[in-house]
Amino acid sequence: MSKFVVYGVRLVVAAAMAIPIYWVFVIATGPHGAAYAIPPVWRPFFHWAPFLFVWSHTPWARYVLNSVVISAATIFFVVVTSALAGYALAELKFPGNSLYFYATLGVMMLPQQALLVPQ
């Protein structure tokens, strides 16, 4: 197959993947009710007033700081506990070592949605 055909297919797939992102931008910058217009409007209106209102009336720096602190703490504790558990399972020999290993491995193989059901 020619390189032009491969790149053409890639370009079409990339454009198909970019259309939802473009649509979100068009709807976000459009007037109220633009999302429900028939036929749909594909060009952005660049109506920035709602964004300016939200940015000027909310403490965005505080929200970003809260997200960074929670994310950093979560990453830190997950790395520490995972390293300790990995070391214990790999180096320390104790009764039931393989049971704990396979139980941990089995839980890791479950999808996250399956773990939400018992909660």
Just one of the numbered conditions (1) of a type outside the set (S, T, Y); (2) part of a helix (DSSP H, G or I); (3) out of contact with any helix residue (DSSP H, G or I) (no Cβ under 7 Å at 6 or more places or on another chain); (4) farther than 30 Å from M108 by Cβ is not true of I27; which one?
-> (3)
State whether one or more residues within segment 69-76 are surrounded by 10 or more Cβ atoms within 10 Å (Cβ to Cβ), small (G, A, S) and touching a Ser or Thr at 6+ places or on another chain (Cβ under 8 Å).
-> no
Sort through F77, F94 and tell me the only one that's in a helix (DSSP H, G or I) and either assigned by TED's automatic domain parsing to the domain that holds V26 or farther than 30 Å from F25 by Cβ (or both).
-> F77
Filtering segment 30-49 down to residues that are in a helix (DSSP H, G or I) and touching a helix residue (DSSP H, G or I) at 6+ places or on another chain (Cβ under 8 Å) yields A34, A35
Can A34 be described as hydrophobic (A, V, I, L, M, F, W, C), surrounded by 11 or more Cβ atoms within 10 Å (Cβ to Cβ) and without any contact (Cβ under 8 Å) to a residue 24 or more places away in the chain?
-> yes
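The values are calculated or read from the model by the stated rules, or taken from the named source; none is laboratory data. Computed from a predicted model, the values in this text were never measured in an experiment. Quick reminder, even Gly has a Cβ in these numbers, built from the backbone with ideal geometry, and neighbours come from all protein chains shown.
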